[in-house]
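The next block holds one structure in the form of structure tokens; read it before the comments.
Laboratory data are not the source of any read-out in this text; all were calculated from the coordinates shown. Computed from a predicted structure; not experimentally measured. In this analysis, Cβ positions are derived from the backbone assuming ideal geometry, glycine residues included, and neighbour counts consider all displayed protein chains.
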Amino acid sequence: MELSQVRALVTGGASGMGRTFARSLARDGAAVAFCDLDAAAVEAVEAEARAEGLELRGFVADVADEAQVVRLVDEAWAALGGLNLWINNAGLFRDGLLVRKGRDGEVHRLSLADWQRVIDVDLTGPFLCTREFAAKRIEAGGGPALVVNMASISRHGNQGQSNYSAAKAGLVADTRLWAQELARYGVRVVAIAPGFVNTPILAGMREDVLQAAVKRVPLGRVGEPEEIYRAVRFAVECDYLTGTCLDVDGGLRL
Ligand SMILES: NC(=O)c1ccc[n+]([C@@H]2O[C@H](COP(=O)([O-])OP(=O)(O)OC[C@H]3O[C@@H](n4cnc5c(N)ncnc54)[C@H](O)[C@@H]3O)[C@@H](O)[C@H]2O)c1
């Protein structure tokens, strides 16, 4: 697809990579909307873009809530006059070992609440969004379109991330099968799996854990959101790419 023809929705667009994707797509000529959880954060990103001459349409929506996703797709579709790119970027983690023996001798368990919230946002969210986006595309008559799923190197299984690793592994599996199911309607589906990227999500990591992780990156540094955007742009522009996962991780292997 030509970027000038793109009408995009980026989930989790008020921070980190989502904010970069939304702004960079708009700068490259696409019409762009985004959603996030917090109205004030959404308005701040809209205002920041406006001040730079970019137009971003912000919506408040929780991607894990079915009714909110249905409404988001309808409203963003109406606002942009259609959508042909959907980026499932919203995500979070709630790390913890499955079980851990504390200094007090007590055995601590990863809570069901932490398991469930990550599965809800990082896996159920993309399921709901991709389903509604694809349904709307088909109802509108089809044509070229793309779903980008933000996965992670953690999909291979990263200690302390039972919930996150499962969600991202599931998302990459679904990338492959959605690509097969949706090709007949013109919808391509691509996953992008970053390693460590310089966004606020990393602030949630313990500094010593992060430093140890960066030491294992062959390129010796974390990635920048704009570098992950290059992969998004490649997925948009390469019409023969579907059903695959692009690792953009500085060479890191888990
Ligand atoms: N930063 C990294 O190192 C890294 C590495 C690999 C994968 N990822 C993935 O990339 C994506 C973006 O990460 P980031 O680092 O930019 O994170 P971030 O925390 O900076 O931004 C994520 C955004 O998603 C929003 N969000 C969270 N739950 C939501 C929900 N239910 N509905 C709508 N919005 C919601 C948050 O409010 C936030 O604005 C995530 O899917 C993350 O798992 C990040």
Per-residue HN-Hα couplings for region 12-19 [Karplus 6.51, -1.76, 1.60; θ = phi - 60°; Hz; x = Gly/Pro]: x, x, 8, 8, x, 5, x, 5
Gaussian network model of the chain, Cα within-10 Å springs - most flexible of CYS238, CYS129, CYS35: CYS238
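Fully extended, how many nm does the chain gain between ARG253 and VAL209 (0.36 nm per residue separation, minus their Cα-Cα distance)?
Once the chain is fully extended between ARG253 and VAL209, it gains 14.3 nm.
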Scalar couplings 3J(HN,Hα) for region 122-127 by Karplus 6.51 cos²θ - 1.76 cosθ + 1.60 (θ = phi - 60°), nearest whole Hz, x for Gly and Pro, are 8, 10, 5, x, x, 4
In order over region 199-204: 3J(HN,Hα) from phi, Karplus 6.51/-1.76/1.60, θ = phi - 60°, whole Hz, x for each Gly or Pro, gives 9, x, 4, 5, 4, x
Check VAL189: other-chain or 5+ apart residues with amide H under 5 Å from its amide H, H built from backbone geometry? VAL147, GLY243
With a point put 7 Å past each Cα toward its Cβ, work out how far CYS238 is from ILE201 in nm, to one decimal. 2.1
For the chain, built as a Gaussian network whose Cα springs stay under 10 Å, the top-fluctuating residue of ALA183, ALA231, ALA203: ALA203
Taking amide hydrogens as modeled 1.01 Å from N in the peptide plane, which residues meet the under 5 Å criterion relative to VAL32, leaving out close sequence neighbours? ALA8, ARG57
Distant-in-sequence amide H partners of VAL248 (H built 1.01 Å from N, under 5 Å): ALA193, GLY195
On Cα atoms only, tilt of 225-237 relative to the major axis of the chain in degrees: 40
